[in-house]
1. Provide Rg and Dmax in Å for the chain, with only Cα atoms included in the calculation.
2. Which FRET efficiency value, to the nearest 0.05, do you get for Asp56 and Glu102 by plugging their Cβ-Cβ distance into 1/(1 + (r/R0)^6) with R0 = 25 Å?
3. With springs connecting C-alpha atoms under 10 Å apart, model the chain as a Gaussian network and identify which of Pro77, Pro118, Pro107 has the largest mean-square fluctuation.
4. What is the angle, in °, between the Cα long axis of helix 10-21 and the longest principal axis of the Cα atoms in the chain? Nearest 10 is fine, range 0 to 90.
5. For a bin width of 5 Å, list the pair-distance distribution of the range 20-98 built from all Cα-Cα distances, rounded to whole %.
6. Under a 5 Å amide H to amide H cut-off, with H placed in plane at 1.01 Å, what residues pair with Val119 once short-range neighbours are removed?
7. Using the Karplus curve 6.51 cos²θ - 1.76 cosθ + 1.60 with θ = phi - 60°, what ³J(HN,Hα) values do you get for each residue of the range 146-155, in whole Hz, with x for Gly and Pro?
8. Using only Cα atoms, find the angle between the long axis of helix 52-68 and the longest principal axis of the chain, and express it within 0 to 90 degrees, rounded to the nearest 10.
Amino acid sequence: MFGQHAKVDTELNREVERLIKTGGKERILPIVQMGEPVLRQRTEPYAGQLSKRTLDKLIDAMRATMLEAPGVGLAGPQIGLGLAIAVLEDHVREGDEDDPREISELPFHVIINPSYEPVGERTASFYEGCLSFSGYQAVRRRWLDIVARWQDEDGNRHEERLHGWPARIFQHETDHLSGEVYIDRAEIRSLCSDENLSDLWCEDPVPTEAAQELGFDL
């Protein structure tokens with residue numbers, strides 16, 4: 001649990017309830033875009049500031065918003081909320097088994113107060129995007145293996161070793177909670193529109209040709 005002495009922040013709880021209502025019956029919340037200060041601020045650790053009912057509704061709305069976007073992760077700041085909460089979910093599709101990005105099943109997770117540390121020194125560079133930087137993607141180098149730590153919605157602590165694409169997703173969303181966006185450490189010369197990525201570079205997930213043509217290092 002989040003502690004016997006956890007106290008609901010009544011004002012914040014009301015604000016989150018108002019935010020949830022903006023999603024309507026479909027529970028689809030507005031996604032904050034680059035330039036909004038909330039994306040650049042370190043979130044407040046979650047310690048039970050919301051009632052269980054409000055937290056459950058928030059998680060439900062975040063998942064609905066993520067899937068509708070569509071995306072594989074969504075962090076609190078991306079809906080304008082400065083709490084250390086994110087949701088993750090990704091599933092293997094036909095053809096993913098041989099994908100060099102090492103995509104594997106990532107069931108729905110609520111990660112609260114998450115952190116990670118690298119295991120070993122191996123990294124991988126692939127294109128990734130962000131729902132808060134809509135319409136563009138860039139190559140980002142990330143740790144290939146991490147130890148991930150987080151709490152779930154009931155306050156239970158978890159620790160798991162993640163590899164490949166699930167590790168990338170966890171890193172991406174956890175970084176959001178400290179005010180970092182993936183583009184901060186991306187290969188800027190790799191930046192391209194979703195349309196150009198689809199037309200020019202999507203045949204090989206390893207961006208070797210893009211690196212040669214656009215002039216960046218892998």
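1. So, for the chain, Rg and Dmax equal 17.7, 58 Å respectively.
2. Rounded to the nearest 0.05, the efficiency is 0.15.
3. So, out of Pro77, Pro118, Pro107, the one fluctuating most is Pro107.
4. The answer is roughly 50 degrees.
5. Result returned by the calculation: 3, 15, 23, 23, 18, 8, 5, 4, 1.
6. Sorted by chain and number, the residues that satisfy this are Asp145, Ile146, Val147.
7. 9, 9, 9, 10, 6, 10, 8, 5, 9, x
8. Around 20 degrees separate the two axes.
Read-outs throughout are calculated quantities, based only on the coordinates presented, and are distinct from any laboratory measurement. Because the structure is predicted, anything quoted here is derived from the model rather than measured. Quick reminder, even Gly has a Cβ in these numbers, built from the backbone with ideal geometry, and neighbours come from all protein chains shown.
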